[in-house]
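First comes the structure, then the notes that go with it.
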Amino acid sequence: MTVSSVTEQESPASVPDGDRPTVLDVRGLWKVFGQRADRVVGTPLAELDRAELKRTSGCVAAVRDVSFSVCRGEVFVVMGLSGSGKSTLVRCLNRLVEPTAGEVLLDGEDVLGYAGKRLRELRRHRFGMVFQHFGLLPHRRVLDNVAFGLEIRGVKKADRLARAQEVLELVGLAGFEGSYPDQLSGGMQQRVGLARALAVDPEVLFFDEPFSALDPLIRREMQNEVIRLHHEVGKTMIFITHDLGEALKLGDRILIMRDGELVQTGTPDEVVGAPADDYVRDFVSDVPRSDVLTLRWIMRDAAPDDPLDGPELSPDTVIRDAARTVLSAGRPVKVVRDGELLGVVTPAEVLEVIAGAGGQS
């Protein structure tokens, strides 16, 4: 297979990693705004597009019949343009917005049935949230801001401050414990918000476009911080963004939304290598493909006359990272998983991707 055939091939269905259990399972989720919202789902109105539904009923379907699963320890990114429904979706998951229909199963139990004390416990103990707007308490020191969630839980002062100090060190803010929010830069304030969410040790951590208001340099720094923290603490993260570069950098898998609907779910290389439709294809058209696609997209079957004594690489190796090895090997590079030869890659396949690096070939 050459890279020119990538857009036509069928990529493997993107499903949660079988080696990791599913922590969150979303089934048929709807959120309809309007006075007749409860009359839309399950009726012919649900088949109308967004504009026709608005004209006919006065309702807006912000989230339309969305289903997906998230693995424990996964970074799952939801992305789309403004108005696509991505922020409404994440607010439905933690019940900041009440869904109109569907199920949100946390470890197999539907949290949409929670109310009162049980719902409060869900938000305090199992879910954490990092918002775009930091929401820090201006009259409290950094240490007290980070400890605030533990204070609400009723944790003793000495214990909560010790935990807050520990998390501040984790996010690189040791030494700023006594500062007030207005004495910090935007990036540092966002680190405080991240520390506050981590302090309560949530099972699932939600990020609602947390870096979109930051300068590009600080934004990259915070993206790298999220990657580092994920490697260190291994939290399940659901990250909302409108930025494709951010989604590709952070996500184990990416869900793309348009007009409230799920368009495609896949790993970064699946989204770039096999876009589901023209909408996704336009989204990824400027992505350097060699930075995202892996060897499995360009490997070919070994020919009878191919020497098979060359280097070995995993099919999950990004083409950019494999280029030096492939171009200098002098013979086909073997693509191997668990001792099984899956195919080979030569300079011809790599150069074909690099030559078309600015978009789809």
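From Val353, Val336, Val344, which residue is in contact with a Ser or Thr (Cβ under 8 Å, 6 or more places away or on another chain) and modelled with pLDDT of 95 or more?
Residue meeting the stated conditions: Val336.
Are any residues in segment 302-320 more than 16 Å from Ala348 (Cα to Cα), under 27 Å from the mean Cα position of the chain (by Cα) and of a type outside the set (A, V, I, L, M), and if so, which ones?
Across segment 302-320, the qualifying residues are Ser314, Pro315, Asp316, Thr317.
Please count how many residues of segment 163-183 are in a helix (DSSP H, G or I) and either surrounded by 14 or more Cβ atoms within 10 Å (Cβ to Cβ) or at positive phi (or both).
Going through segment 163-183 one residue at a time, the tally reaches 8.
If we keep just the residues of segment 64-114 that are under 13 Å from the mean Cα position of the chain (by Cα) and among the small types (Gly, Ala, Ser), which is surrounded by the most Cβ atoms within 10 Å (Cβ to Cβ)?
Step by step, filter segment 64-114, then rank; the result is Gly80.
Picking from Gly80, Gly73, Gly128, which residue would you name as being in contact (Cβ under 8 Å) with a residue 40 or more places away in the chain, under 25 Å from Leu194 (Cβ atoms) and touching a Ser or Thr at 6+ places or on another chain (Cβ under 7 Å)?
Just a single option satisfies the conditions, and that option is Gly73.
Is it the case that Arg95 is part of a loop (DSSP other than H, G, I, E, B) and either in contact (Cβ under 8 Å) with a residue 24 or more places away in the chain or under 19 Å from Thr236 (Cβ atoms) (or both)?
When the stated conditions are applied, Arg95 passes them.
On the given criteria, is Arg228 without any contact (Cβ under 8 Å) to a residue 40 or more places away in the chain, basic (Lys, Arg) and either assigned by TED's automatic domain parsing to the domain that holds Cys92 or touching a helix residue (DSSP H, G or I) at 6+ places or on another chain (Cβ under 9 Å) (or both)?
Spelling it out, Arg228 is indeed without any contact (Cβ under 8 Å) to a residue 40 or more places away in the chain, basic (Lys, Arg) and either assigned by TED's automatic domain parsing to the domain that holds Cys92 or touching a helix residue (DSSP H, G or I) at 6+ places or on another chain (Cβ under 9 Å) (or both).
From Thr236, Thr294, Thr267, Thr241, which residue is in contact with a Cys (Cβ under 8 Å, 6 or more places away or on another chain) and among the polar types (S, T, N, Q)?
The match here is Thr236.
Could you look through segment 67-80, keep only residues that are part of a loop (DSSP other than H, G, I, E, B) and touching a helix residue (DSSP H, G or I) at 6+ places or on another chain (Cβ under 9 Å), and pick out the one that is nearest to Val104 (Cα to Cα)?
Filtering segment 67-80 for residues that are part of a loop (DSSP other than H, G, I, E, B) and touching a helix residue (DSSP H, G or I) at 6+ places or on another chain (Cβ under 9 Å), the one nearest to Val104 (Cα to Cα) comes out as Gly73.
Please work out which one of (1) surrounded by fewer than 20 Cβ atoms within 10 Å (Cβ to Cβ); (2) within 30 Å of Phe33 (Cβ to Cβ) is the condition Val204 fails and give its number.
Against the list (1) surrounded by fewer than 20 Cβ atoms within 10 Å (Cβ to Cβ); (2) within 30 Å of Phe33 (Cβ to Cβ), Val204 comes up short only on (1).
Residues being surrounded by fewer than 18 Cβ atoms within 10 Å (Cβ to Cβ) and more than 30 Å from Pro202 (Cβ to Cβ): count how many of those fall in segment 17-40.
Count: 5.
Find the helices (runs of 4 or more DSSP H) located wholly in segment 242-361 whose residues include 2 or more that are in contact (Cβ under 8 Å) with a residue 60 or more places away in the chain and either surrounded by 15 or more Cβ atoms within 10 Å (Cβ to Cβ) or not assigned by TED's automatic domain parsing to the domain that holds Leu217 (or both), and list them.
Passing ranges, in order: 244-250, 268-273, 347-355.
Scanning segment 212-236 for residues that are of a type outside the set (Ser, Thr, Tyr) and more than 26 Å from Ser290 (Cα to Cα), which turns out surrounded by the fewest Cβ atoms within 10 Å (Cβ to Cβ)?
Of everything passing the filter in segment 212-236, Glu232 is surrounded by the fewest Cβ atoms within 10 Å (Cβ to Cβ).
Every residue in segment 39-63 that is touching a Ser or Thr at 6+ places or on another chain (Cβ under 7 Å) and either assigned to a helix (DSSP H, G or I) or closer than 10 Å to Thr100 by Cβ (or both), please.
Val40, Val41, Leu45, Ala62, Val63
The values are calculated or read from the model by the stated rules, or taken from the named source; none is laboratory data. As the structure is a computational prediction, the values presented were derived from the model and not from experiment. Because the Cβ atoms are built from the backbone with ideal geometry, glycine has one as well, and the counts that use them run over all protein chains shown.
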